[in-house]
1. Report the relative contact order of the chain, percent, no decimals, based on alpha-carbon pairs under 8 angstrom and at least 6 residues apart.
2. On a 25 Å Cα-Cα criterion, which of the cross-link pairs K3/K83; K40/K71; K69/K90 come out too long?
3. What accessible area per residue, rounded to a whole number of Å², is obtained for the chain using a probe radius of 1.4 Å?
4. Given the -39500 (n - 2.57) contribution per DSSP H run of 4+ residues, what per-residue ellipticity at 222 nm results for the chain, rounded to the nearest 500 deg cm²/dmol?
5. In terms of solvent-accessible area of protein heavy atoms at a 1.4 angstrom probe, what is the ranking of Y70, Y61, highest value first?
6. Ignoring any ligand, DNA or RNA, what whole percent of the accessible area of the chain comes from carbon and sulfur when the probe is 1.4 angstrom?
7. Among the aspartates and glutamates, which have Cα under 13 Å from the Cα of K23 when same-chain residues fewer than 8 positions away are ignored?
8. Which residue fluctuates the most in the chain, going by a Gaussian network model with Cα springs under 10 Å, if the choices are P45, P80, P32?
Amino acid sequence: MMKADGVIVSAGKGHRFMEGRKKQFHLLAEKPILAHTLDKFETCPLIHSIFLVVGQEDMGYCMKEIIEKYKYRKISQIIPGGKQRQDSVKNGIDALPEVSMW
């Protein structure tokens, strides 16, 4: 069975959310929203590894309060996000290992 790498882009500033913290860190059922997303990728047998894109200022927080706390094992790298969403997506894609199709 062929496996894939996943890129999760979660570097948003949450300006529209208006809750005092970024939406991805807001608790839903006593767990950060980002953790619910990571759960799906972590338990998917088709996902080999996860490349998580977050704001530069959130990298330490994500490592300690999400990845370590919830014991995610498939996260290969935390990548700093860019100025705009498309920059963050590009950073995540650029971090993926090159794969030869031949």
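The values are calculated or read from the model by the stated rules, or taken from the named source; none is laboratory data. Fair warning: this is a prediction, and the values are worked out from it, not measured in the lab. All accessible areas refer to the heavy atoms of the entire protein, side chains included, with ligands and DNA or RNA removed. Shrake-Rupley method; radii C 1.70, N 1.55, O 1.52, S 1.80 Å.
1. Details: 140 pairs, mean separation 33.1, N = 102.
Averaging sequence separation for qualifying contacts and normalising by length gives 32 percent for the chain.
2. On the way: K3/K83 30 Å; K40/K71 14 Å; K69/K90 28 Å.
The pairs that break the limit, which is 25 Å between Cα atoms, are K3/K83; K69/K90.
3. Details: 7090 Å² over 102 residues.
With all protein chains present, the chain gives 70 Å² per residue.
4. Working: 2 runs with 22 residues, N = 102.
It lands at -6500 deg cm²/dmol.
5. Working: Y70 65, Y61 95 Å².
Ranked from most to least accessible, the order is Y61, Y70.
6. On the way: 3990 of 7090 Å².
Roughly 56 percent of what the probe reaches on the chain is carbon or sulfur.
7. D58
8. Highest fluctuation of the listed residues: P45.
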